[in-house]
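The values are calculated or read from the model by the stated rules, or taken from the named source; none is laboratory data. Since the model is a prediction, treat every value here as computed from it, not as a measurement. Ideal geometry is used to build each Cβ from the backbone, glycine not excepted, and the neighbour counts take in all protein chains shown.
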Ligand code: GLN
């Protein structure tokens, strides 16, 4: 690929450093995003795992919400992992937090139980070639329902305890959401897939460049 997409990782709370490390392994020098203006400088944004209630609160506090929506609508790639998936959902089974509705999915938080119920599974993921991925679930959410055009990429099979199969990775356009933590493994394939989405955003001539459109020099 000629040139590289610019990737940001939301660094208000959660395990952003691990995502930055993973991106480094595939040659991407990602930026920690702490201010809303920095969204003008990226083609893709990762919202990491952590505490969704805290992340939503901080996104409001630092005035991210409207700008984030505008960037996603204009074609920026977005990936929510674990708490990040909860943050970008349309609606939650829980009364809080109020998610941002950046992908048309309903999500249930902490579906598999508490920290002690964390588990790993081998997952076959649509779009990822080769062996299944080792997926780490920590107080993970699941996708309960998907709207039009949302593709399910990965499913945790039914468990021996009777828990039925659950969707844990979905995608619509350039918005990706996953319940598990690929940044806690050495497997960079899902990060590479996201970099491809961001590269699509970078080279999309139809994408409105908000940085150009709104830069002070053009007004
Ligand atoms: N259960 C957490 C939440 O609701 C998410 C856990 C995680 O990101 N590992 O925000």
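The table below lists the values:
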{"item": "Filtered residues of the range 36-63 (kept if surrounded by fewer than 23 Cβ atoms within 10 Å (Cβ to Cβ) and closer than 11 Å to residue 10 by Cβ)", "result": "36, 38, 39, 50, 58, 59, 62"}
{"item": "Index of the failed condition, residue 181 passing every other in (1) surrounded by 13 or more Cβ atoms within 10 Å (Cβ to Cβ); (2) out of contact with any strand residue (DSSP E or B) (no Cβ under 7 Å at 6 or more places or on another chain)", "result": "(2)"}
{"item": "All positions within the range 1-21 that are under 17 Å from residue 199 (Cα atoms) and touching a residue at least 24 places away in the same chain (Cβ under 8 Å)", "result": "1, 3, 4, 5, 6, 7, 8, 9"}
{"item": "Any hit, the range 24-31, residues being under 24 Å from residue 190 (Cα atoms) and buried (at least 23 other Cβ atoms within 10 Å of the Cβ)", "result": "yes"}
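Rundown of residues vs (1) touching a helix residue (DSSP H, G or I) at 6+ places or on another chain (Cβ under 9 Å); (2) at pLDDT 95 or above; (3) more than 16 Å from the ligand (Cβ to nearest atom), yes/no style:
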{"site": "149", "(1), (2), (3)": "no, yes, yes"}
{"site": "152", "(1), (2), (3)": "no, yes, yes"}
{"site": "158", "(1), (2), (3)": "no, no, yes"}
{"site": "196", "(1), (2), (3)": "no, yes, yes"}
{"site": "207", "(1), (2), (3)": "yes, no, yes"}
{"site": "213", "(1), (2), (3)": "no, no, yes"}
{"site": "219", "(1), (2), (3)": "no, no, yes"}
